[in-house]
Amino acid sequence: MPDGTVRAITGHTELLGLIAYPIRHSMSPRMHNLALAELDLDYAYLAFEVDADQLADAVTGLRAMRVRGWNVSMPNKMAILPLLDDLSPAARMVGAVNTVVNDGGHLTGHVTDGIGYMTALREAGIDPVGRRITMIGAGGAGTAIAIQAALDGVERIDIFNRRDAVWPIAEHTVATIAEHTSATAVLHDLDDVDTFRECVAASSVLANTTNVGMGALKELSPLPTTDVLRPDLFVSDVVYAPPRTVFLAQAEAAGCRTMNGLGMMLHQGAAAFELWTGRPMPVDVIRAELFGNTQED
């Protein structure tokens, strides 16, 4: 409904949702229900707190009730894989799912985080296809972004991470990109500052895919050195709360164009929305409703 009025629930209303724990803080119900109202689509989107030990029962119930689809967040993004019937190519490569589509009881898992990031880049006027990008972080968001970037045609992806518990995941990501795409992906230790300088100097995009800059880490930056920043470098952060992290402030001070995680968040949701409904999400309307005049760069 164009005026944003919520459609009345009827016997024909289909259900969409989100399963994670904890999840009551999520903006996804607001975002999707606004989009459904804007397009006058007969669905309702709800959040369900489902922890790992409840996941199998929840998926059985959602399948049986023919719930059209749902988003998946932690701790369920990997645990849900054996409960699904099929995976999209990107989800198979990433090894995680954030969106499930239920086609008459057949459950297909998708991952839209990387799609959201790449769409936000293009929206900002940046096309990294055939070029190099440097990423800090190799966790869930970093894996999805690296794989989607490779699938979209980025020539080389340099991934920097600490030698911590995420390191083996990053090694697997690099091997997966080599096996399934034409892109080159190389993993580096974030403590290797000289190599970091070399890679950023050859890149058109520098991306932080960690949670450094938000919550308890909001006063920190993931940058091992700021001397890599230059005016023609595009700098992005997956964090959107706060909208301007220390990392982005450092980049802006060096004259870089920047992008926070708002566009990625909106566009990953939009990709899921279209998988369920077959309709593009009215992203500009949703951005204005949720964030007003919040700027990305």
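Just one of Met281, Met265 is open to solvent by less than 30 Å² (accessible area, probe 1.4 Å), over 23 Å from Ala146 (Cβ atoms) and in contact (Cβ under 8 Å) with a residue 12 or more places away in the chain; which is it?
Selected residue: Met281, the only one of Met281, Met265 that is open to solvent by less than 30 Å² (accessible area, probe 1.4 Å), over 23 Å from Ala146 (Cβ atoms) and in contact (Cβ under 8 Å) with a residue 12 or more places away in the chain.
Criterion first (part of a loop (DSSP other than H, G, I, E, B) and either in contact with a Gly (Cβ under 8 Å, 6 or more places away or on another chain) or among the β-branched types (Val, Ile, Thr) (or both)) does Thr173 satisfy it?
It is false that Thr173 is part of a loop (DSSP other than H, G, I, E, B) and either in contact with a Gly (Cβ under 8 Å, 6 or more places away or on another chain) or among the β-branched types (Val, Ile, Thr) (or both).
Going by the conditions given, is Phe196 more than 21 Å from the chain's Cα centre (by Cα) and either surrounded by 14 or more Cβ atoms within 10 Å (Cβ to Cβ) or of a type in the set (Ser, Thr, Tyr) (or both)?
When the stated conditions are applied, Phe196 passes them.
Condition (residue is surrounded by 19 or more Cβ atoms within 10 Å (Cβ to Cβ), aromatic (Phe, Trp, Tyr) and modelled with pLDDT under 95) applied to segment 230-245: is it met by at least one residue?
Yes, segment 230-245 has at least one match.
State whether one or more residues within segment 155-166 are more than 22 Å from Gly130 (Cβ to Cβ), assigned to a helix (DSSP H, G or I) and touching a residue at least 12 places away in the same chain (Cβ under 8 Å).
No, segment 155-166 contains no residue that is more than 22 Å from Gly130 (Cβ to Cβ), assigned to a helix (DSSP H, G or I) and touching a residue at least 12 places away in the same chain (Cβ under 8 Å).
Can you run down the residue pairs with Cβ atoms below 8 Å, 6 or more apart or on separate chains, where the first is in segment 121-141 and in a helix (DSSP H, G or I) and the partner is of a type in the set (Asp, Glu) and crowded, with 22+ Cβ neighbours inside 10 Å?
Gly140/Asp113; Ala141/Asp113
Would you call Ala124 at pLDDT 95 or above, aliphatic (A, V, I, L, M), surrounded by fewer than 19 Cβ atoms within 10 Å (Cβ to Cβ) and under 21 Å from Arg287 (Cβ atoms)?
In short, yes.
Quick one: which strands (runs of 3 or more DSSP E) lie wholly within segment 182-259 and hold at least 1 residues that are more than 11 Å from Ile136 (Cα to Cα) and aromatic (Phe, Trp, Tyr)?
By residue number, 234-237.
Would you point out which residue out of Leu206, Leu223, Leu275, Leu248 is open to solvent by 40 Å² or more (accessible area, probe 1.4 Å), at pLDDT 95 or above, among the hydrophobic types (A, V, I, L, M, F, W, C) and in contact with a strand residue (DSSP E or B) (Cβ under 9 Å, 6 or more places away or on another chain)?
Leu275
Hey, does segment 139-155 have a residue that's buried (at least 21 other Cβ atoms within 10 Å of the Cβ), over 15 Å from the mean Cα position of the chain (by Cα) and closer than 18 Å to Asn208 by Cβ?
Checking segment 139-155: at least one residue is buried (at least 21 other Cβ atoms within 10 Å of the Cβ), over 15 Å from the mean Cα position of the chain (by Cα) and closer than 18 Å to Asn208 by Cβ.
Hey, can you tell me all the residues within segment 6-42 that are among the hydroxyl-bearing types (Ser, Thr, Tyr) and touching a strand residue (DSSP E or B) at 6+ places or on another chain (Cβ under 8 Å)?
Thr13, Tyr21, Ser26, Ser28
Would you be able to say whether some residue in segment 108-119 is under 24 Å from Ala47 (Cβ atoms) and out of contact with any helix residue (DSSP H, G or I) (no Cβ under 8 Å at 6 or more places or on another chain)?
There is at least one residue in segment 108-119 that is under 24 Å from Ala47 (Cβ atoms) and out of contact with any helix residue (DSSP H, G or I) (no Cβ under 8 Å at 6 or more places or on another chain).
The values are calculated or read from the model by the stated rules, or taken from the named source; none is laboratory data. These numbers were taken from a predicted model, which means no experiment stands behind them. Glycine also receives a Cβ, built like all others from the backbone with ideal geometry; neighbour counts cover every protein chain displayed. All accessible areas refer to the heavy atoms of the entire protein, side chains included, with ligands and DNA or RNA removed. Shrake-Rupley method; radii C 1.70, N 1.55, O 1.52, S 1.80 Å.
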